[in-house]
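Below: the structure, in structure tokens.
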Amino acid sequence: MDIPGCDAAAASVLAEVFGFHPKAVRDCVERNRVPKVHTYPDHVLVVLHSPEQGKRGHVHYIELDQFVGPNYVVTVHGPLNPAVDPQVALRETRAVLRRIEAGRLKPSTPFELSYAIVSALARTQEAYVETLTSDVWRLEQQVTGGDIDDPQEFIKEMFQARHGLLAVRTMGAHSAAIYGRISTLARLSADRQRLIIDLGDQFERVRTIADGEREYLQGVIEFYQTTLTLNAMLVGQAQNEEVRNLTRASYSQNEEIKKISAWAGIFFAPTLIGTVYGMNFDNMPELHWTLGYPFALLLMVLSSVGLHALFKRLGWL
């Protein structure tokens, strides 16, 4: 029996027709955030999860509950996030049903049927890792090729991929632990023990592959961060060199201005003296003073020589 969602009618069937424990029925009605296994005298309840990609890197945990008894398997799906297509929850059980209808699968016991369903769920987890791996390769090629238009969006994509790998890795590790627990809770025949061990190995493989891809992606992230740091250092060096060039240019310009100012002062002093002597006063004693003009000329020379010596001492010339 495959129950798409555990509403009130489905809960009544589980409790009254099959006689499942109230706690087990509640586990089907409510959402379980981690996998679990409960053993009862005549059946086992196993809760597992498979991944589904959501928006903005979110990973939906698609819950699958199984009751495996002596002559039945009851699967219950959900609860589901409203953003998830209800058909997504049925993919494993529907895939197994198609195999049975096509004659490719002929389970002889409920345990073998449960094994087929759980193997399909493990393949879903592995396929999700494969999808994320293609994203990781694309991101790695963009980093090594320098083909990054929007660094902020690129970093977000890398961390979303890492989050997805971490989520599916957690699912695989928890599922492997559940089947390791089952192998110790019940007395199983050699054939059933073999199937339990195989399921544990399948989930352990998912965990191992996801870990490897996550480490590889972390290397890509670190490579990109190192590249950004080196680029920032190179830009900083270029900026510092530009500042030094501007400083040198400014210093050189100041030196030229000093020289111009010094020569302007040297020539300005004689000009000032000559301007004073060139004024038209009513009374010009220098007109009647024989030494007036030679004195003025000497004063002009002395002022220029004195200013030249001063500016030379100051380093302006």
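For Gly219, what charge total do you get from the other residues with a beta carbon under 14 Å from its beta carbon, if Lys and Arg give +1 and Asp and Glu give -1?
Values: positive: Arg162, Arg214; negative: Glu140, Asp211, Glu213, Glu215, Glu222.
Taking every other residue near Gly219 into account, the sum is -3.
A convex hull fitted to the Cα coordinates of region 154-207 yields 44 cubic angstrom per residue. Placing a pseudo-label 7 Å from each Cα along the Cα-to-Cβ vector at Leu299 and Glu112 gives an inter-label distance of 13.0 nm.
Of the chymotrypsin sites (Phe, Trp or Tyr not before Pro) found in region 89-184, none is in coil by DSSP with at most 14 other Cβ atoms within 10 Å of its Cβ. The length gained on full extension between Tyr72 and Thr39, counted as 0.36 nm times the residue separation minus their Cα-Cα distance, comes to 10.4 nm.
For Lys106, a cut-off of 20 angstrom between C-alpha atoms picks up these aspartates and glutamates, skipping any fewer than 8 places away in its own chain: Asp2, Glu92, Asp191, Asp198.
With viscosity set to 1.002 mPa s at 20 °C, what whole-number translational diffusion coefficient in µm²/s follows for region 73-226 from Stokes-Einstein and a Kirkwood radius over Cα pairs?
After rounding, the answer is 121 µm²/s.
The modelled label-to-label distance for the pair Arg94/Ser134, using points 7 Å beyond Cα in the direction of Cβ, is 2.0 nm. The charge dipole of region 21-119, taken about its Cα centre with unit charges on the Cβ of Lys, Arg, Asp and Glu (plus for the first two, minus for the last two), comes to roughly 260 debye.
Estimated at 0.36 nm per residue, the fully extended path between Leu105 and Arg56 surpasses their Cα-Cα distance by 13.8 nm. Among the chymotrypsin sites (Phe, Trp or Tyr not before Pro) in region 17-80, those located in a DSSP loop and surrounded by at most 12 other Cβ atoms within 10 Å of their own Cβ are Tyr72.
Debye-formula intensities of region 90-169, expressed as log10 I(q)/I(0) at q = 0.13, 0.16, 0.19, 0.26 Å⁻¹, are -0.57, -0.69, -0.81, -1.16 (one equal scatterer per alpha-carbon, no solvent). Does region 1-137 classify as rounded, prolate or oblate by the C-alpha gyration tensor (a ≥ b ≥ c root eigenvalues; a/c under 1.5 gives rounded; else a/b over b/c gives prolate, otherwise oblate)? Cα axes put region 1-137 in the oblate bin. In sequence order, region 92-98 has phi-based couplings of 6, 5, 5, 5, 5, 4, 5 Hz under the Karplus curve 6.51 cos²θ - 1.76 cosθ + 1.60, θ = phi - 60°, and Gly or Pro positions carry x. Applying the Karplus relation 6.51 cos²θ - 1.76 cosθ + 1.60 with θ = phi - 60° to region 168-176 yields 3J(HN,Hα) values of 6, 4, 5, 4, x, 5, 5, 5, 4 Hz, where x marks Gly and Pro.
Straight-line cross-link partners of Lys312 among the lysines, defined as a Cα under 26 Å from its Cα and at least 8 positions apart when in the same chain: Lys258, Lys259.
Scanning residues 5 or more positions from Glu52 or on other chains, those with amide H under 5 Å from its amide H are His60, Ile62, with H placed 1.01 Å from N in the peptide plane.
Each value in this text was obtained by applying a stated rule to the coordinates, not by laboratory testing. A quick note: this is a predicted structure, and the numbers were derived from the prediction, not measured. Please note: Cβ atoms are built from the backbone with ideal geometry, for glycine as well, and neighbour counts cover all protein chains shown.
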